[in-house]
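This report refers to the structure that appears directly beneath it.
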Amino acid sequence: MPPKRMAVIANRIGLIETYSIPLLSAMAKRRGHEVTLIEYHRDPKRAVQEIRDFDPDVLAYSVMSPDANDYIEINKQLKNETSAFSVFGGVHPTFFQDYIYEDGVDAICVGEGDLSVGDLLDTFGTSAIYDTANMHFRENGQVKQNPINRLVDELDELPIPDKDLIYDKSYFIRELPIRGFFTTSGCPYKCTYCFNHAFNEMYRGNGQVVRMKSVDYAIKELKLTVDRYPTQFLKFHDDVFGVRKDWLAEFAEKYKREIGLPFLVLARPNMVTDAYCKELKKAGCHSVTIAIENGNSEIRNKIMLRAMTEELIFGAFENLHRYDLKINSLNMIGLPTETEETVRETLTMNQKCKVHYADASIFQPYPGVSLTKYAIENGWVDDNLTHWGGQYSRSVLKFSDKLKSVFHAYQIVFPLLVEFPWLEK
């Protein structure tokens with residue numbers, strides 16, 4: 001079969017890197033197929049011309065819930081210009097599988113598409129395409145749902161992500177001296193506001209939940225980018241960085257020697273022991289992003305299932321301060337049962353933890369997460385949402401308009417109130 005052409009469509013490339021698209025591009029190119037990235041929003045006419053020039057076999061979209069409706073409209077416009085087959089992957093189609101019934105959608109990818117995208121392109125144009133694992137297809141009004149593949153247990157078997165695909169399209173991202181990476185895939189925890197618990201249940205019996213690149217593979221991936229592009233700082237976006245002590249110890253030694261740039265990681269309070277902080281400091285870590293989420297123990301532990309006492313949280317921050325690591329905190333406002341008083345509890349906890357920068361988002365009932373189910377069952381939101389806001393959008397839960405405005409105001413000024421408590425007055 002001749003190689004196929006896949007056009008990945010991004011509404012906005014934005015100011016930060018994307019991570020799934022470069023990996024899918026690398027998988028497709030490993031199989032000998034052609035891939036291009038087209039940005040739509042900046043110049044729709046130019047995007048249409050690029051589609052005509054590239055003449056793709058497949059239009060591919062990676063979709064988050066806040067952008068779900070926009071991508072349907074973009075796909076309608078582009079399919080007027082090409083007979084290409086449209087495939088939608090990402091978190092939204094995975095957990096809102098009725099997306100397959102939207103106009104212009106030929107297929108959705110449920111779960112990880114690491115292997116499926118290559119299989120789909122390999123069999124494109126034959127009846128075998130409809131047997132591609134992880135894919136749901138719609139043809140002549142009928143939908144075929146295929147079972148999911150086993151997860152890729154050994155991440156070293158995957159190709160290094162094709163970051164050039166993004167850098168070639170965005171001067172800003174290419175020249176920005178901050179680079180993002182993943183060394184781990186998956187998260188073992190069951191926080192109700194995150195899709196990971198639903199993802200893990202979907203893949204139960206089909207592979208390891210948490211998979212890690214070997215340190216040597218991770219270093220090789222870093223060097224390929226750091227040696228080619230201006231880089232001063234790295235961000236590791238793993239849900240939980242360095243979950244294995246032996247891996248973290250090896251990483252600290254090799255990273256300091258072979259890369260040596262300051263970096264940021266994400267961690268959970270229960271991970272942040274003295275030994276953990278010591279290894280991060282040894283590697284040259286600059287800052288840690290750590291989720292407090294909510295200062296009210298009832299909301300934090302019974303609604304969000306964080307399973308964290310105040311003592312555990314305060315102890316983690318004491319460890320971080322002891323090693324002079326800068327601290328960014330993540331917090332969430334507007335959860336079911338939230339009040340202005342519980343928001344203040346979250347604010348106070350951040351102040352006591354002496355957070356250097358505190359970020360607050362507003363809970364959105366995205367498809368697939370158990371907290372959305374909880375909100376529906378307890379009357380906080382209707383079971384007919386068709387539009388989803390971003391993490392800084394106003395609450396759609398059934399709070400009073402006044403309380404929604406209070407939440408939104410706190411969210412906007414949350415970092416300032418943590419740094420300058422007197423401003424709350």
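At a glance:
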{"read-out": "Contour minus Cα-Cα distance for LYS354 and ASN206 (0.36 nm per residue)", "value": "49.1 nm"}
{"read-out": "Shape box of the stretch 1-126 [Cα atoms, principal axes, largest first, Å]", "value": "35, 33, 30"}
{"read-out": "Spin-label pair ASN140/SER127, simplified geometry with 7 Å Cα→Cβ offset, distance in nm", "value": "1.1"}
{"read-out": "Dipole of the stretch 1-156, positive direction: furthest Cα of ILE9, MET135, VAL152, with charges on the beta-carbon", "value": "ILE9"}
{"read-out": "Karplus (6.51, -1.76, 1.60) ³J(HN,Hα), θ = phi - 60°, over the stretch 20-34, in Hz, Gly and Pro reported as x", "value": "6, 4, x, 5, 5, 5, 5, 5, 5, 5, 4, 7, x, 8, 9"}
{"read-out": "Karplus-derived HN-Hα couplings along the stretch 200-213 (A = 6.51, B = -1.76, C = 1.60, θ = phi - 60°), whole Hz, x at Gly and Pro", "value": "5, 5, 4, 9, 4, x, 10, x, 6, 5, 9, 10, 10, 5"}
{"read-out": "Whole-angstrom gap from the stretch 1-52 to the stretch 393-413, using each part's C-alpha centre", "value": "37"}
{"read-out": "Size of charge dipole - the stretch 335-416 - debye, nearest 20, with Cβ of Lys, Arg +1 and Asp, Glu -1, no other charges", "value": "240"}
{"read-out": "Nearest 10 degrees, 0 to 90: helix 44-54 Cα axis against the chain principal axis", "value": "50"}
{"read-out": "The chain, dipole about Cα centre (Lys/Arg Cβ +1, Asp/Glu Cβ -1), debye to the nearest 20", "value": "880"}
{"read-out": "Accessible area per residue, Å², the chain with all protein chains present, probe 1.4 Å", "value": "46"}
{"read-out": "Translational diffusion of the stretch 176-271, µm² s⁻¹ [Kirkwood Rh, Cα pairs; Stokes-Einstein; 10 °C; 1.306 mPa s]", "value": "109"}
{"read-out": "Contact order relative to length of the stretch 26-140, as percent, for alpha carbon pairs under 8 angstrom and 6 or more apart", "value": "23"}
{"read-out": "GNM top mover of THR36, THR126, THR184 - the chain, alpha-carbon springs below 10 Å", "value": "THR126"}
{"read-out": "Under 5 Å, built H, 5+ apart or other chain: amide partners of SER329", "value": "ILE290, TYR357, ALA358, ASP359"}
{"read-out": "Ranked order, ASP238, ASP153 - accessible area, probe 1.4 Å, largest first", "value": "ASP153, ASP238"}
{"read-out": "Residue pairs, from the table LYS4/LYS235; LYS190/LYS326; LYS373/LYS402; LYS245/LYS354; LYS223/LYS245; LYS45/LYS163, whose Cα atoms sit over 30 Å apart", "value": "LYS4/LYS235"}
{"read-out": "Principal axis dimensions, the stretch 308-383 - Cα atoms, whole angstrom, descending", "value": "47, 26, 21"}
{"read-out": "Long-range tail of P(r) for the stretch 1-53 (Cα pairs > 18 Å, %)", "value": "38"}
{"read-out": "With every protein chain in place, the chain: carbon and sulfur % of accessible area (1.4 Å)", "value": "51"}
{"read-out": "Mean ellipticity per residue at 222 nm, deg cm²/dmol - from DSSP H runs of n ≥ 4 across the chain, formula -39500 (n - 2.57)", "value": "-10500 deg cm²/dmol"}
{"read-out": "The chain: most fluctuating residue of ASP156, ASP122, ASP70 per GNM, C-alpha cutoff 10 Å", "value": "ASP70"}
{"read-out": "Under Karplus coefficients 6.51, -1.76 and 1.60, residue-wise ³J(HN,Hα) of the stretch 234-247 in Hz, glycine/proline x", "value": "10, 10, 9, 9, 3, 4, 9, 8, x, 6, 9, 4, 5, 5"}
{"read-out": "Choice from LYS220, LYS256, LYS45 showing the highest fluctuation, given a GNM over the chain with Cα pairs closer than 10 Å", "value": "LYS45"}
{"read-out": "DSSP-defined antiparallel bridges as percent of all bridges, the chain, nearest 5", "value": "20"}
{"read-out": "Where only alpha carbons of the stretch 68-227 are counted, the Rg and the Dmax (Å)", "value": "17.7, 50"}
{"read-out": "Net charge dipole size for the stretch 167-259 [Lys, Arg +1 and Asp, Glu -1 on Cβ; Debye, nearest 20]", "value": "20"}
{"read-out": "For the stretch 265-421: rounded, prolate or oblate by the Cα gyration tensor [a/c cutoff 1.5]", "value": "prolate"}
{"read-out": "Entry for P(r) over Cα pairs in 20 Å bins from 0, in percent (calculated from the structure that is shown) out of [x] 24, 57, 19, 0; [y] 22, 41, 25, 11, 1; [z] 24, 53, 22, 2", "value": "[x]"}
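The values are calculated or read from the model by the stated rules, or taken from the named source; none is laboratory data. Everything quoted here is computed from the prediction, not taken from an experiment. Using ideal geometry, Cβ is built from the backbone for each residue, glycine included, and neighbour counts are taken over all protein chains shown. Side chains are part of the model used for accessible areas, which takes the heavy atoms of the whole protein and leaves out ligands, DNA and RNA. Shrake-Rupley method; radii C 1.70, N 1.55, O 1.52, S 1.80 Å.
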